[in-house]
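Shown next, in structure tokens, is the structure this report addresses.
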Amino acid sequence: MDTRVAGILLAAGEGARLGQPKALVELGGQTLAERGVAMLRDGGTDPVFLVTGAVRASVDGARTVRNLDWRTGMGSSLVAGLHAIEVTEAEAPGQARVIAAVIALADQPLVGSLAVRRLIDAFAAGASVAVAAYDGRPRNPVLIGRGHWAAVADMATGDRGARPFLRAHPELVTLVECADTGSPLDIDTPEDLARVAALDKAAPDVG
């Protein structure tokens, strides 16, 4: 049976410090949700799941997952996204099975699709967990093979997402250098948004 790598975009937060929900923030003519979904799809993930919470949002090419527990933090959104993959497969048992998921954050819009492709290539080469690194420092996105999903979900609490699992199992992690593909700068405040917008306007298209 054919296999696939899914994409999960976490976009459930209310953006308290930013003053507006991050999923609907516009940058370069697109919302952060739209940019994140396009990045995952262009990088080779299919299907793509958009996890929302504080506000309702939908993007063409993605399946929306509503996380009713979004206030508890990123961990619940990650669990909701992984669960949605399993539910979708149960509802359509004849479809190709998802064997890994790339998890990305909507508030890091300068991450390029090439980073996603490199993670998938690392997985194809034998890595069960692949993490995008920038000048050697692990950030996002992160690819996690299906065999680890249960353990990741068990440890995903509060705003920590996959981090507890990654720290508990460093022997599983393959770092994939992505500094030349984009930036992991995130948007938490209006000042962050202004800085990222300036960089986005000046940056060449690296995919």
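Where a number appears in this text, it was derived from the coordinates with a stated rule and is not lab data. Predicted model only: the values in this text are computed from it and were never measured. Glycine also receives a Cβ, built like all others from the backbone with ideal geometry; neighbour counts cover every protein chain displayed.
Some observations on this one:
- Global geometry of the stretch 136-194, whether rounded, prolate or oblate, following the gyration tensor of its Cα atoms and the 1.5 cut on a/c: oblate
- Relative contact order of the chain, pairs being alpha-carbon contacts under 8 Å that are 6 or more residues apart, as %: 24 percent
- Here the stretch 72-169 is treated as an ellipsoid with the same Cα gyration tensor; its semi-axes, largest first and in whole Å, are 21, 17, 13.
- Between Arg66 and Ala168, the contour length at 0.36 nm per residue exceeds the Cα-Cα span by 33.9 nm.
- Mean Kyte hydropathy of 0.5 or more with a Cα span along the axis of at least 24 Å, helices from DSSP in the chain: 74-91
- Dipole magnitude for the chain: about 240 debye, using +1 per Lys or Arg Cβ and -1 per Asp or Glu Cβ, origin at the Cα centre.
- The helix-based estimate of mean residue ellipticity at 222 nm for the chain, built from -39,500 (n - 2.57) per DSSP H run of four or more residues and divided by its residue count, is -10000 deg cm²/dmol to the nearest 500.
- Within the chain, percent of DSSP bridges classed antiparallel, to nearest 5: 35 percent
- The packing ranking of peptides 130-136, 21-27, 89-95, highest mean first, is 21-27, 130-136, 89-95, where packing means the average number of other beta carbon atoms within 10 angstrom of each residue.
- Pair-distance profile P(r), taking every C-alpha pair of the chain, with 5 angstrom steps and integer %: 1, 8, 16, 21, 22, 17, 9, 3, 1, 0
- Projected label points at Asp192 and Asp135, each 7 Å from Cα along the beta carbon direction, are separated by 1.9 nanometres.
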